[in-house]
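Peer 1: Have a look at this one.
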Amino acid sequence: MAEDQSYLKNLKTESVVQKVINCLTDAMVAKQLKPGDKIPPEPELAAKFGVARTSVREATKILTYLGVLESKRAEGTFVTSGFKDSLIDPMVYGVILNQDDDFKSLMELREMIEVGMLRLAMSKHTEEGMVHLREKLNAMEALEGKQGDIIEAFFETDNEFHDAVSALCCNPQADKINRVVRALTHSVRHDTVKAMIGTGRIAELIDAHRQIYEVLRGRNQEQLDVIIRNTYFLNLQKTTTT
């Protein structure tokens, strides 16, 4: 069967580098190019697209930087297999550089994602997943009463707990979006943990996570609606500005 290369359309009349990028990414969306596939060599792409090799080279460099493509020495350029952390970076920078964005809109975005993830986790979690979440809660509870600086340790367990909640959703796409939002709010989340532990409110932090675990385990939708409005991670502005 002949290989489907219908995505290799001529681009003479279109904006060059961006259109090469668009054409390649469209092919990925259409599954004409799949994760792990080797893309045609630069001269072939240039000839098929009807553009200069430099334009193809620039487009592939951009897609490689974004983590969509990966270059393997002596082998060629391939569509990336799986989600890479580097894919998060440009999205993070895009929000940071958006002058119209502000703290309130970012927190609204996080609330929307957190609420959606919790509801999805409630409907789809497995017993095995809940055991894993309980282990993360146990690690968090073990930090209460510890002497010394436990801020970093607590922040790490907090991240692991919410990663475990995300895993309960069994939805890779939702998990990717959640990771972007958590990257964007890394600093303010860290400041929240630091402020609450510094003011002796670690028990409140732990209790918020314990409530999340309990409502997920009991699939208590009504109680979840109450908790998501009262837990610390949805009220970051109040905590970090007082």
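Peer 1: As an exercise: evaluate Gly200 against (1) of a type in the set (Gly, Ala, Ser); (2) without any contact (Cβ under 8 Å) to a residue 60 or more places away in the chain; (3) in a helix (DSSP H, G or I) and give the number of the one condition it does not meet.
Peer 2: With respect to (1) of a type in the set (Gly, Ala, Ser); (2) without any contact (Cβ under 8 Å) to a residue 60 or more places away in the chain; (3) in a helix (DSSP H, G or I), Gly200 is out only on (3).
Peer 1: Can you name the residue in the range 20-42 that is out of contact with any helix residue (DSSP H, G or I) (no Cβ under 8 Å at 6 or more places or on another chain) and assigned to a helix (DSSP H, G or I) and is also farthest from Ser81 (Cα to Cα) among such residues?
Peer 2: This residue is Asn22.
Peer 1: Please verify whether Leu63 is modelled with pLDDT of 90 or more and either part of a helix (DSSP H, G or I) or of a type in the set (A, V, I, L, M, F, W, C) (or both), treating the condition exactly as stated.
Peer 2: no
Peer 1: Return a yes/no flag: does the range 34-42 have any residue that is open to solvent by less than 50 Å² (accessible area, probe 1.4 Å), closer than 28 Å to Lys176 by Cβ, at pLDDT 90 or above and within 23 Å of the chain's Cα centre (by Cα).
Peer 2: yes
Peer 1: If you don't mind, there's one more thing I want to ask. Out of (1) over 23 Å from the mean Cα position of the chain (by Cα); (2) free of Cβ contacts under 8 Å to residues at least 40 places away in the same chain; (3) open to solvent by less than 40 Å² (accessible area, probe 1.4 Å), what's the single condition that is false for Gly50?
Peer 2: So Gly50 meets the others, but not (2).
Peer 1: Can you work out which of the residues in the range 144-190 that are under 22 Å from Gln211 (Cβ atoms) and of a type in the set (Asp, Glu) is most open to solvent (accessible area, probe 1.4 Å)?
Peer 2: Glu156
Peer 1: Can you tell me which residue is nearest to Thr126 (Cα to Cα) among those in the range 158-190 that are part of a loop (DSSP other than H, G, I, E, B) and polar (S, T, N, Q)?
Peer 2: Asn171
Peer 1: Could you give me the residue pairs with C-beta distances under 9 Å whose first residue belongs to the range 204-219 and is in contact (Cβ under 8 Å) with a residue 24 or more places away in the chain, whose second residue is small (Gly, Ala, Ser) and surrounded by 14 or more Cβ atoms within 10 Å (Cβ to Cβ) wherever it lies, and which are 6+ apart or on separate chains?
Peer 2: Pairs found: Leu216/Ala121.
Peer 1: Cβ-Cβ distance below 8 Å, separation of 6 or more or different chains: which pairs start in the range 21-47 with a residue that is among the acidic types (Asp, Glu) and end on one that is assigned to a loop (DSSP other than H, G, I, E, B)?
Peer 2: As it stands, the answer is Asp26/Tyr7, since those pairs meet every condition given.
Peer 1: Return yes or no: is Val188 of a type outside the set (S, T, N, Q), under 14 Å from Gly116 (Cβ atoms) and out of contact with any Cys (no Cβ under 6 Å at 6 or more places or on another chain)?
Peer 2: No, not satisfied.
Peer 1: Consider Leu143 carefully, then state whether it is modelled with pLDDT of 90 or more and not in a helix (DSSP H, G or I).
Peer 2: yes
The values are calculated or read from the model by the stated rules, or taken from the named source; none is laboratory data. Remember, predicted model here, so these are calculated numbers, not experimental data. Here the Cβ is made from the backbone with ideal geometry for all residues, glycine too, and neighbour counts use every protein chain on show. Quick note on the areas: whole protein, heavy atoms, side chains included, nothing else; ligands and nucleic acids left out. Shrake-Rupley method; radii C 1.70, N 1.55, O 1.52, S 1.80 Å.
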